[in-house]
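Following: one structure in structure tokens, then a few remarks.
The values are calculated or read from the model by the stated rules, or taken from the named source; none is laboratory data. Here the structure is a predicted model, which means the values were calculated and not measured. Backbone-built Cβ (ideal geometry, glycine too); neighbour counts: all protein chains shown.
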Amino acid sequence: MIEKNDMAKKSKSDIAYEYIKKGIIEKKFFPGNQIIEEDIVKATGVSRTSVRKALNLLQYEGILEGKTTRGIVVAKHSAEDIVSTFRIREVLETNAFELAVKNIDEEAIRKMREYNEGLVRVSRNFNIIDFVKYNKDFHWVIATATKDKYYMKYLNEIYNNIAVYLLFYNSTVDDKRSIDYHNTIIDALIEGDVEKGKAAIIADNYCGIEDLGLK
């Protein structure tokens, strides 16, 4: 059962959401495992309505998926799905970078540095949840700097999918290469060097595929 003092700080649906997500990260729930609503109610002490809200959000994020015969299960992802997602990100993000170079400002650069420094910190403490968040936030700055609603829409979906893959399948957050590529991306934005930035994005993308054991 979740402690009462934790419940006071969060909404009831947040409690259920974090319980399920933590269970997946800690490998208590595996891809393909059924998530039983009643079990979550008993474990967290929150209502069915709150659990359903959490399940809906986790389905939207791609962490869970609905199956007509088995109810809601932890999502499975094929190697082909994962590699395809990274390849799509490479195409979208390298093109987005061209627009970002034109629109980037000092505040955006400050945020990117802050997120990359966060990656350095969590890589020392093996905190996969924060690692995924900082990584997504870093790349999201590129998307928002395009000021293009379509790039933002589709890159947001791609970033959400990649965040799920990293939570499920990445076994390490000690990735100095990715942090170095991020620094190169920042430098390229400051210098207005499109080709340098694109090359760093491609290298960082391939690094992500390798981290998931895919080449």
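So if I check each of Val120, Val91, Val141, which one is within 20 Å of Glu61 (Cα to Cα) and either assigned by TED's automatic domain parsing to the domain that holds Ile190 or charged (D, E, K, R) (or both)?
Val141
Only one of (1) free of Cβ contacts under 8 Å to residues at least 24 places away in the same chain; (2) not in a helix (DSSP H, G or I) fails for Gly23. Which number is that?
The single condition Gly23 does not satisfy is (2).
Take the residues in the stretch 152-181 that are part of a helix (DSSP H, G or I) and of a type in the set (D, E, K, R), then tell me which one is farthest from Glu117 (Cα to Cα).
Within the stretch 152-181, the match that is farthest from Glu117 (Cα to Cα) is Lys153.
Starting from residues that are without any contact (Cβ under 8 Å) to a residue 24 or more places away in the chain and in a loop (DSSP other than H, G, I, E, B), keep the ones in the stretch 41-96 and report whichever is surrounded by the most Cβ atoms within 10 Å (Cβ to Cβ).
Ser78
Considering only the stretch 192-204, how many residues are touching a Lys or Arg at 6+ places or on another chain (Cβ under 9 Å) and surrounded by fewer than 21 Cβ atoms within 10 Å (Cβ to Cβ)?
So the answer is 2.
Name the one entry in Tyr181, Tyr134 that is outside the structural domain of Glu18 (by TED's automatic domain parsing), touching a Gly at 6+ places or on another chain (Cβ under 7 Å) and free of Cβ contacts under 8 Å to residues at least 40 places away in the same chain.
One residue alone meets the criteria, Tyr134.
Which of the residues that make up the stretch 126-151 are farther than 20 Å from Glu114 by Cβ and surrounded by fewer than 20 Cβ atoms within 10 Å (Cβ to Cβ)?
Passing the criteria: Phe126, Lys147, Asp148, Lys149, Tyr150.
Considering every residue within the stretch 13-25, establish whether at least one is loosely packed, with under 12 Cβ neighbours inside 10 Å, within 16 Å of Leu167 (Cβ to Cβ) and not hydrophobic (A, V, I, L, M, F, W, C).
No, the stretch 13-25 contains no residue that is loosely packed, with under 12 Cβ neighbours inside 10 Å, within 16 Å of Leu167 (Cβ to Cβ) and not hydrophobic (A, V, I, L, M, F, W, C).
Only one of Val132, Val101 is under 20 Å from Ile186 (Cα atoms) and modelled with pLDDT of 95 or more. Can you tell me which?
Only one candidate passes the filter, namely Val101.
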